[in-house]
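Here the structure comes first, spelled out in C-alpha coordinates, and everything after it is commentary.
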Amino acid sequence: MEPSVLIQVAFRGRAVTVGHATDAELALLAGAVAIAEARDELDSWSLIAIRDPAGRGTKIHALGWRGGLLNAWITSPLVIVDLIANTVSTTSGHAYSLDRRDARELHPALRGHLAYALRTWGFDDVPR
(Lines give C-alpha, C1' and ligand atoms only; values in the text may rest on other atoms or scores of the structure.)
Protein backbone atom coordinates (compact mmCIF):
# COMPACT_ATOMS: atom_id res chain seq x y z
CA MET A 1 0.00 0.00 0.00
CA GLU A 2 1.36 3.42 -1.00
CA PRO A 3 1.72 5.84 1.96
CA SER A 4 -0.61 8.82 1.97
CA VAL A 5 0.94 12.27 1.57
CA LEU A 6 -0.52 15.24 3.44
CA ILE A 7 2.35 17.68 2.90
CA GLN A 8 5.57 17.72 0.81
CA VAL A 9 8.38 19.63 2.52
CA ALA A 10 12.18 19.75 2.53
CA PHE A 11 14.83 19.41 5.21
CA ARG A 12 18.30 20.74 4.36
CA GLY A 13 17.54 20.40 0.68
CA ARG A 14 16.19 16.83 0.88
CA ALA A 15 12.60 16.08 -0.11
CA VAL A 16 10.48 14.83 2.79
CA THR A 17 6.89 13.57 2.71
CA VAL A 18 4.51 13.88 5.63
CA GLY A 19 1.39 11.73 5.85
CA HIS A 20 -0.58 9.25 7.89
CA ALA A 21 1.51 6.35 9.16
CA THR A 22 0.89 3.05 7.38
CA ASP A 23 0.08 -0.22 9.10
CA ALA A 24 3.57 -1.48 8.19
CA GLU A 25 5.22 1.59 9.77
CA LEU A 26 3.12 1.20 12.91
CA ALA A 27 3.90 -2.52 13.13
CA LEU A 28 7.59 -1.63 13.62
CA LEU A 29 6.63 0.28 16.80
CA ALA A 30 4.04 -2.18 18.14
CA GLY A 31 4.30 -2.89 21.84
CA ALA A 32 2.51 -2.47 25.13
CA VAL A 33 2.03 0.82 26.99
CA ALA A 34 0.04 0.73 30.22
CA ILE A 35 -2.82 3.24 30.24
CA ALA A 36 -1.71 4.20 33.78
CA GLU A 37 1.52 5.62 32.27
CA ALA A 38 -0.39 8.20 30.19
CA ARG A 39 0.30 11.79 31.23
CA ASP A 40 -2.55 13.15 29.09
CA GLU A 41 -5.06 12.21 26.42
CA LEU A 42 -5.08 13.14 22.73
CA ASP A 43 -8.48 13.54 21.10
CA SER A 44 -9.14 13.70 17.34
CA TRP A 45 -5.69 12.17 16.88
CA SER A 46 -3.73 10.97 13.88
CA LEU A 47 -0.43 9.13 13.73
CA ILE A 48 1.73 11.17 11.35
CA ALA A 49 4.80 9.80 9.55
CA ILE A 50 7.61 12.14 8.50
CA ARG A 51 9.36 10.18 5.74
CA ASP A 52 12.76 10.95 4.27
CA PRO A 53 12.92 9.39 0.78
CA ALA A 54 16.72 9.82 0.86
CA GLY A 55 16.78 6.92 3.30
CA ARG A 56 17.42 8.72 6.57
CA GLY A 57 14.41 7.14 8.21
CA THR A 58 10.83 7.71 9.20
CA LYS A 59 9.66 9.32 12.44
CA ILE A 60 6.08 8.87 13.61
CA HIS A 61 4.35 11.41 15.85
CA ALA A 62 0.88 11.56 17.42
CA LEU A 63 -1.04 14.74 16.52
CA GLY A 64 -4.29 15.77 18.20
CA TRP A 65 -6.05 17.90 20.79
CA ARG A 66 -4.35 17.57 24.17
CA GLY A 67 -7.03 17.27 26.84
CA GLY A 68 -5.02 18.56 29.80
CA LEU A 69 -3.79 21.71 28.07
CA LEU A 70 -6.80 22.15 25.77
CA ASN A 71 -4.69 22.86 22.71
CA ALA A 72 -3.37 21.27 19.52
CA TRP A 73 -0.39 19.05 20.23
CA ILE A 74 2.21 16.97 18.39
CA THR A 75 4.34 14.53 20.35
CA SER A 76 8.02 13.74 20.20
CA PRO A 77 8.73 10.78 17.90
CA LEU A 78 6.96 7.63 19.01
CA VAL A 79 8.86 4.57 20.24
CA ILE A 80 5.86 2.37 21.10
CA VAL A 81 2.37 2.30 19.60
CA ASP A 82 -0.22 0.23 21.47
CA LEU A 83 -3.41 0.35 19.40
CA ILE A 84 -5.03 -2.30 21.60
CA ALA A 85 -4.79 -0.11 24.72
CA ASN A 86 -4.94 3.11 22.61
CA THR A 87 -1.73 4.46 24.10
CA VAL A 88 1.61 5.62 22.72
CA SER A 89 5.03 6.27 24.24
CA THR A 90 7.52 8.87 22.97
CA THR A 91 11.29 9.30 22.82
CA SER A 92 10.95 11.91 25.57
CA GLY A 93 9.57 9.23 27.90
CA HIS A 94 5.98 10.46 27.95
CA ALA A 95 2.92 8.33 27.28
CA TYR A 96 -0.43 9.51 25.93
CA SER A 97 -3.79 7.81 25.75
CA LEU A 98 -5.70 8.13 22.48
CA ASP A 99 -9.41 8.94 22.41
CA ARG A 100 -11.08 9.09 18.98
CA ARG A 101 -9.30 9.38 15.62
CA ASP A 102 -9.44 12.45 13.40
CA ALA A 103 -10.61 12.38 9.78
CA ARG A 104 -8.02 11.38 7.14
CA GLU A 105 -7.81 14.95 5.81
CA LEU A 106 -7.10 16.37 9.31
CA HIS A 107 -9.01 19.10 11.09
CA PRO A 108 -7.79 22.48 9.68
CA ALA A 109 -6.42 23.59 13.07
CA LEU A 110 -4.47 20.33 13.44
CA ARG A 111 -3.13 20.65 9.89
CA GLY A 112 -2.02 24.19 10.81
CA HIS A 113 -0.35 22.95 13.99
CA LEU A 114 1.48 20.25 12.01
CA ALA A 115 2.79 22.90 9.59
CA TYR A 116 3.83 25.12 12.53
CA ALA A 117 5.72 22.21 14.15
CA LEU A 118 7.50 21.37 10.90
CA ARG A 119 8.63 24.98 10.47
CA THR A 120 9.79 25.07 14.12
CA TRP A 121 11.78 21.85 13.61
CA GLY A 122 13.63 23.43 10.67
CA PHE A 123 11.74 22.04 7.67
CA ASP A 124 11.60 24.21 4.53
CA ASP A 125 8.89 24.81 1.95
CA VAL A 126 6.14 24.19 4.53
CA PRO A 127 2.77 25.46 3.25
CA ARG A 128 1.19 28.16 5.39
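All conditions but one from (1) without any contact (Cβ under 8 Å) to a residue 12 or more places away in the chain; (2) touching a Lys or Arg at 6+ places or on another chain (Cβ under 9 Å) apply to Trp45; the one that does not is (1).
Residue-wise test of (1) farther than 23 Å from Phe11 by Cβ; (2) buried (at least 20 other Cβ atoms within 10 Å of the Cβ).
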{"site": "Gly57", "(1), (2)": "no, no"}
{"site": "Ala62", "(1), (2)": "no, yes"}
{"site": "Pro77", "(1), (2)": "no, no"}
{"site": "Leu83", "(1), (2)": "yes, no"}
{"site": "Arg100", "(1), (2)": "yes, no"}
{"site": "Trp121", "(1), (2)": "no, no"}
{"site": "Pro127", "(1), (2)": "no, no"}
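Out of all the residues in the stretch 86-93, is one or more over 20 Å from Asp125 (Cβ atoms), touching a residue at least 60 places away in the same chain (Cβ under 8 Å), within 14 Å of the chain's Cα centre (by Cα) and surrounded by fewer than 18 Cβ atoms within 10 Å (Cβ to Cβ)?
Residues of the stretch 86-93 that are over 20 Å from Asp125 (Cβ atoms), as a first pass: 86-93.
Next cut, touching a residue at least 60 places away in the same chain (Cβ under 8 Å) only: none.
Checking the stretch 86-93: not a single residue is over 20 Å from Asp125 (Cβ atoms), touching a residue at least 60 places away in the same chain (Cβ under 8 Å), within 14 Å of the chain's Cα centre (by Cα) and surrounded by fewer than 18 Cβ atoms within 10 Å (Cβ to Cβ).
Any idea how many residues of the stretch 45-56 are at pLDDT below 95 and either within 14 Å of the chain's Cα centre (by Cα) or in a strand (DSSP E or B) (or both)?
Kept after step one, since they are at pLDDT below 95, are these residues of the stretch 45-56: 51-56.
Checking which are either within 14 Å of the chain's Cα centre (by Cα) or in a strand (DSSP E or B) (or both) leaves us with 51-52.
Within the stretch 45-56, residues that are at pLDDT below 95 and either within 14 Å of the chain's Cα centre (by Cα) or in a strand (DSSP E or B) (or both) number 2.
Within the bounds of the stretch 26-43, is there any residue that is within 20 Å of Asp124 (Cα to Cα), modelled with pLDDT under 95 and basic (Lys, Arg)? Looking for residues that are within 20 Å of Asp124 (Cα to Cα), modelled with pLDDT under 95 and basic (Lys, Arg), one finds none in the stretch 26-43, hence no. Within the stretch 104-118, the set of residues being part of a helix (DSSP H, G or I) and farther than 15 Å from Gln8 by Cα comprises Pro108, Ala109, Leu110, His113.
The values are calculated or read from the model by the stated rules, or taken from the named source; none is laboratory data. Since the structure is predicted, the reported quantities are computational estimates derived from the model, not experimental observations. Please note: Cβ atoms are built from the backbone with ideal geometry, for glycine as well, and neighbour counts cover all protein chains shown.
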